[in-house]
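The values are calculated or read from the model by the stated rules, or taken from the named source; none is laboratory data. Owing to the predicted nature of the structure, the values given are computational and were not obtained by experimental measurement. Every residue, glycine as well, gets a Cβ built from its backbone with ideal geometry; the counts of neighbours run over all protein chains shown.
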Amino acid sequence: MIHLFLIDADRCPQYETLRLWPVVQGLPKKASATTCCIPYNGEMVPIPVGTRMVADVVAIHRHQGVWGQDSSEWNPGRWLTSDGKIRRPSKGEFLAFSEGARACIGKKFAETEFKGIMCCLFENYKVKMHIGSNKEDVLLTQEEAREQALKSMNFLKYRLALSLARRIPLDWTQRS
Ligand code: HEM
């Protein structure tokens, strides 16, 4: 029996993963009705009507001014406040599902789906790095395999959505 508790902490791994590896990396926008202004370096910069812009989601999500010195590290704990609640980033700081009128309408669905998949996997399995022979037939320790996997996470390709360009072997063991 799987229970999907809607507690805040469940969302940390998903948000942290989408922060570092957002599925949608650039959000194309067009200034439409009136000239608007966006804050930049303490000034308001006017954006004329018709200007096309792309918000660089990766750069925003890894900005040290927002996410701290360790902004490139995967640390789901950064999403929890001291009283155990989920961190609510300020406007424009976390754009994995975009924001505003055209934000993702499937966000809740995706969050629930992620939770369901994690519950199904980890209720029955535990996972560790596969340390068998790699391509060069060199045996790896768990730590080496983990480091290699982290490096592989920087070899990504962008098609319709972000995907891995290298295989990361894992061993799944049925829980007793
Ligand atoms: C991790 C999963 C998902 C991520 C990261 C995601 C992300 C996004 C983002 C960034 C946008 C805005 C795109 C833009 O402005 O160019 C968007 C829009 C949209 N998403 Fe998602 N999405 C996810 C899952 C889903 C699911 C599961 C559904 C449907 C069940 C969905 C339906 C939509 C729709 C219909 C829009 C267009 C909304 C509009 O233009 O008004 N998404 N999504």
For segment 165-176, which positions are modelled with pLDDT under 85 and either surrounded by 13 or more Cβ atoms within 10 Å (Cβ to Cβ) or in contact with a strand residue (DSSP E or B) (Cβ under 6 Å, 6 or more places away or on another chain) (or both)? Ala165
Please specify each residue of segment 42-69 satisfying the condition of being under 26 Å from the mean Cα position of the chain (by Cα) and either in a helix (DSSP H, G or I) or modelled with pLDDT under 90 (or both). Val57, Val58, Ala59, Ile60, His61, Gln64, Gly65, Val66, Trp67
Read through the list (1) among the small types (Gly, Ala, Ser); (2) in a loop (DSSP other than H, G, I, E, B); (3) within 16 Å of the ligand (Cβ to nearest atom); (4) under 30 Å from Arg167 (Cβ atoms), then give the number of the only condition that Ala110 fails. (2)
Arg102 vs (1) more than 15 Å from Cys12 (Cβ to Cβ); (2) surrounded by 14 or more Cβ atoms within 10 Å (Cβ to Cβ); (3) not acidic (Asp, Glu): all pass except (2)
Candidates Ile38, Ile117, filtered to the one that is of a type outside the set (D, E, K, R) and within 12 Å of the ligand (Cβ to nearest atom): Ile117
Reported set for segment 51-68 where residues are in contact with a helix residue (DSSP H, G or I) (Cβ under 9 Å, 6 or more places away or on another chain) and within 16 Å of the ligand (Cβ to nearest atom) is Val58, Ile60, His61
Close pairs (6 angstrom Cβ cut-off, 6 or more residues apart or separate chains): in a helix (DSSP H, G or I) in segment 139-158, among the basic types (Lys, Arg) anywhere: Ser152/Arg166
Condition check: more than 30 Å from Leu121 (Cα to Cα) and either under 15 Å from the mean Cα position of the chain (by Cα) or more than 16 Å from the ligand (Cβ to nearest atom) (or both). Does Gln14 satisfy that? no
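Within 13 Å of the ligand (Cβ to nearest atom), more than 29 Å from Arg175 (Cα to Cα) and at pLDDT below 95, is that true of Gly100? If you could, list the steps in order and put the result at the bottom.
Details: within 13 Å of the ligand (Cβ to nearest atom): yes; more than 29 Å from Arg175 (Cα to Cα): yes; at pLDDT below 95: yes.
Yes: the conditions hold for Gly100.
Every residue, every condition in (1) in contact (Cβ under 8 Å) with a residue 24 or more places away in the chain; (2) under 22 Å from Asp10 (Cβ atoms), yes or no:
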{"residue": "Val45", "(1), (2)": "no, no"}
{"residue": "Thr51", "(1), (2)": "no, no"}
{"residue": "Val54", "(1), (2)": "yes, no"}
{"residue": "Gly68", "(1), (2)": "no, no"}
{"residue": "Ser72", "(1), (2)": "yes, no"}
{"residue": "Arg78", "(1), (2)": "yes, yes"}
{"residue": "Thr112", "(1), (2)": "yes, yes"}
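Here is a yes/no grid of residues against (1) modelled with pLDDT under 85; (2) within 17 Å of the chain's Cα centre (by Cα):
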site	(1), (2)
Thr112	no, yes
Asn124	no, no
Ser133	yes, no
Asp137	yes, no
Lys151	no, yes
Leu162	yes, yes
Can you tell me how many residues within segment 31-70 are surrounded by 10 or more Cβ atoms within 10 Å (Cβ to Cβ) and among the aromatic types (Phe, Trp, Tyr)? 1
Among the candidates Ser71, Ser163, residue that is within 20 Å of Arg19 (Cβ to Cβ) and more than 16 Å from the ligand (Cβ to nearest atom): Ser71
